[in-house]
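A.B. asks: Before anything else, here's the structure in question.
Just so it is clear, none of the values below were taken in a lab; they were calculated from the coordinates. The model shown is predicted, which means the values in this text are computed figures rather than measured ones. When we count neighbours, we look across all protein chains shown, and the Cβ atoms used for this are built from the backbone with ideal geometry, even at glycine.
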Amino acid sequence: MQPCKRLRATTALMITLGMNASMIAPIVMAPLANPAPAVAQTVTFSDVPTSHWASDYIRALVSQNVLAGFPDGTFKPDAPVTRAQFSSMLSAVYRKNAIRSAINFVDVPSDYWATNAIRRSYEMGFLSGYPEGVFLPEQNIPREQVLVSLANGLGYQASQPIDSVLGNYVDTNRISNFARSPIAAATEKRMVVNYPSLNYLNPDRNATRAEVAAFLYQALVSEGRVAAIGSPYVVSLQAAPTSYRLAAGTTLPVSYLKDKIVLMPDETLPLTLTVRNAITTTDGRVLIPANSQVKGTLQPSGDKATQFVAQELLLPDGSKQALKAVSNAITTTETIRKGADVGRLLKNTAIGTAAAAAISAVTGDRAIATEELLIGAGAGGILSLIERFLGRNSIDVLVVQPETNVTLKLTEDLVVSPR
């Protein structure tokens, strides 16, 4: 671990040496007794060797009289911290404007040693009470409450999906519901220090004096008030990428939602498919929004099949980008026989030019050339193709039905930005 970095003299952390003992005693008082710490603080403690995981945090705060040791030369790094003690630490470090009016907690009498600190911590938004107006000042504070207090008091909110951030902790299921959002925010701000394992938050375990020192110091780092201390136990999230590359070979589920399409295996027709459900990253970031459209064409694929070839991705906000992808072969067919009721067969159907010519030749129904849903070259094209199919009693056409799900496979990498 790197040696402790000296804090700037101008930092708002500074608690002057002229403070009397009664003002700083609550910051360090032990849970079973209230020994008065020395005003002139040493940064060397018999129970905090330089190899201690939190030694740099402790020394940095003690050197500025934010924390203090005891007359016997100890710091008691593993001792728990009460809610009253933590409120005293907060009121010593922060001088924020009140965001709410103070209340009188029924279990915090006016002559209690930490009454003013509790009042200020509540007014600044760091700490709150429990139902029925109690504060429980002598209750040891759990680690999750310390982090929630700091995140709420500093107004931090998570920018990434909460469950994704908290998924970094093996014991995420132990985090209380009220604490999940603030702890996700604290994690993003690098305020969480987990010793000895980064992946274990231990949210319901009582916070120790060493852990509170680490959390408090990291909160100050997040504000830019002090220099960062190198520690392998600070939880750090990788910044979410600004773009994602979907490699060639990646599959994208899309759907055809419009009218039934009838075409011949050798013809090419324009087609638009729809991304019905948003395509997201594993942590929930939307890469391709729902209702995006994929524009392209149906093209011949072998002797008796067609295949969709994607050309463009059109997003709901109107933005476009090139998309190179193909579907599997579509082989669904329907047989049209001589004498068939064309009106019934082709109701609500989009008809390719070649398919219209074939159906017209087989059924003898020339009116098909005037169908509004005709796609392709139009009536003139049909008339020139009819002779190709004359004399047949039946014809097989390819069919694309509405509500058909299609899987596209990228043939080139696709780079997209989260939405």
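A.B. asks: Would you kindly give the portion of the calculated P(r) for segment 244-416 that falls above 22 Å, as a percent of all Cα pairs?
C.D. replies: Values: 6940 of 14878 pairs.
Roughly 47 percent, rounded to a whole number.
A.B. asks: Read phi for every residue in segment 171-176 and hand back ³J(HN,Hα) as whole Hz from Karplus 6.51 cos²θ - 1.76 cosθ + 1.60, θ = phi - 60°, with x for Gly and Pro.
C.D. replies: With the stated coefficients, segment 171-176 comes to 9, 4, 5, 8, 7, 4 Hz.
A.B. asks: Further question on the same structure: Return the label of the correct value of Kirkwood radius over Cα pairs in Å, as calculated from the structure shown, out of [x] 26.9; [y] 22.1; [z] 23.0.
C.D. replies: Recomputing Kirkwood radius over Cα pairs in Å here gives the entry labelled [x].
A.B. asks: Report the residue, chosen from 185, 210, 361, that carries the largest GNM mean-square fluctuation when the chain is represented by alpha-carbon nodes joined by springs under 10 Å.
C.D. replies: Taking springs between Cα atoms under 10 Å, the residue moving most is 361.
A.B. asks: What are the ³J(HN,Hα) couplings of segment 89-101, residue after residue, when phi is run through the Karplus curve with 6.51, -1.76, 1.60 and θ = phi - 60°? Round to Hz, x for glycine and proline.
C.D. replies: 4, 4, 5, 6, 8, 10, 10, 7, 5, 5, 10, 7, 7
A.B. asks: Residue 96: which aspartates and glutamates have alpha carbons under 12 Å from its alpha carbon, excluding same-chain residues fewer than 8 sequence positions away?
C.D. replies: Of all the aspartates and glutamates, those that pass the test against residue 96 - Cα under 12 Å, at least 8 places apart if same chain - are 123.
A.B. asks: Which of 213, 54, 357 ends up with the largest GNM mean-square fluctuation for the chain, with Cα atoms connected below 10 Å?
C.D. replies: 357
A.B. asks: Please compute the modelled spin-label separation between residue 411 and residue 340, points set 7 Å along Cα→Cβ, answer in nm with one decimal.
C.D. replies: Modelled inter-label distance: 3.0 nm.
A.B. asks: Say R0 is 35 Å: what FRET efficiency, to the nearest 0.05, do residue 286 and residue 259 get from their beta-carbon distance?
C.D. replies: Numbers: r = 29 Å, r/R0 = 0.83.
Efficiency for this residue pair is about 0.75.
A.B. asks: Turning to a different aspect of this structure: I'd like the distance between the alpha-carbon centres of segment 387-411 and segment 56-102, rounded to an integer number of Å.
C.D. replies: First find each Cα centre; the distance between them is then 76 Å.
A.B. asks: Once fully extended, how much extra length lies between residue 110 and residue 319, figured as 0.36 nm per residue of separation less the alpha-carbon to alpha-carbon distance?
C.D. replies: Working: separation 209, 0.36 × 209 = 75.24 nm, distance 6.30 nm.
Using 0.36 nm per residue and subtracting the Cα-Cα distance, I get 68.9 nm.
A.B. asks: Right, another one. Within 14 Å, Cβ to Cβ, of residue 323, how many net charges do the neighbouring residues add up to if Lys/Arg are +1 and Asp/Glu are -1?
C.D. replies: Within the 14 Å Cβ shell, the charges total +2.
A.B. asks: Calculate one ³J(HN,Hα) per residue across segment 304-314 by plugging θ = phi - 60° into the Karplus curve 6.51 cos²θ - 1.76 cosθ + 1.60, and present them in order as whole Hz with x for glycine and proline.
C.D. replies: So the J values, rounded to whole Hz, are 9, 8, 10, 9, 7, 10, 6, 10, 8, 9, 10.
A.B. asks: To make sure I understand the rule: partners must be aspartates and glutamates, Cα under 17 Å from the Cα of residue 189, and not fewer than 8 residues away in the same chain. Which ones qualify?
C.D. replies: Within the straight-line cut-off, residue 189 pairs with 144, 163, 211, 223.
A.B. asks: Please report how far the C-alpha centroid of segment 141-161 lies from that of segment 274-308, rounded to the nearest whole angstrom.
C.D. replies: That distance is 41 Å.
A.B. asks: Pick from 341, 78, 56 the residue whose mean-square fluctuation is largest in a GNM of the chain, springs joining Cα atoms under 10 Å.
C.D. replies: Looking only at 341, 78, 56, the biggest GNM fluctuation is shown by 341.
A.B. asks: Would you mind classifying segment 21-222 by shape? Square roots of the alpha carbon gyration tensor eigenvalues, ordered a ≥ b ≥ c; an a/c under 1.5 is rounded, otherwise it is prolate if a/b is larger than b/c and oblate if not.
C.D. replies: Oblate shape, in that a/c is at least 1.5 and b/c is the bigger or equal ratio.
A.B. asks: Okay, next question. Mind scanning 258/347; 258/295; 304/324 and naming the pairs with a C-alpha gap bigger than 20 Å?
C.D. replies: As for pairs spanning more than 20 Å Cα to Cα, those are 304/324.
A.B. asks: Also, quick follow-up: Using alpha carbons only, how many degrees (0 to 90, rounded to 10) separate the axis of helix 379-389 from the longest principal axis of the chain?
C.D. replies: Compared with the principal axis, the helix lies near 60 degrees.
A.B. asks: Next question. May I ask for the percentage of alpha-carbon pairs in segment 38-97 that lie more than 15 Å from each other? Kindly include the intermediate steps, with their values, before the conclusion.
C.D. replies: Working: 923 of 1770 pairs.
In whole percent, the share of Cα-Cα pairs in segment 38-97 beyond 15 Å is 52.
A.B. asks: Would you mind counting up the charge near residue 77? Only other residues with Cβ under 9 Å from its Cβ, with Lys and Arg at +1 and Asp and Glu at -1. Working shown, then result.
C.D. replies: Working: positive: 76, 209; negative: 47, 78, 211.
Net charge around residue 77: -1.
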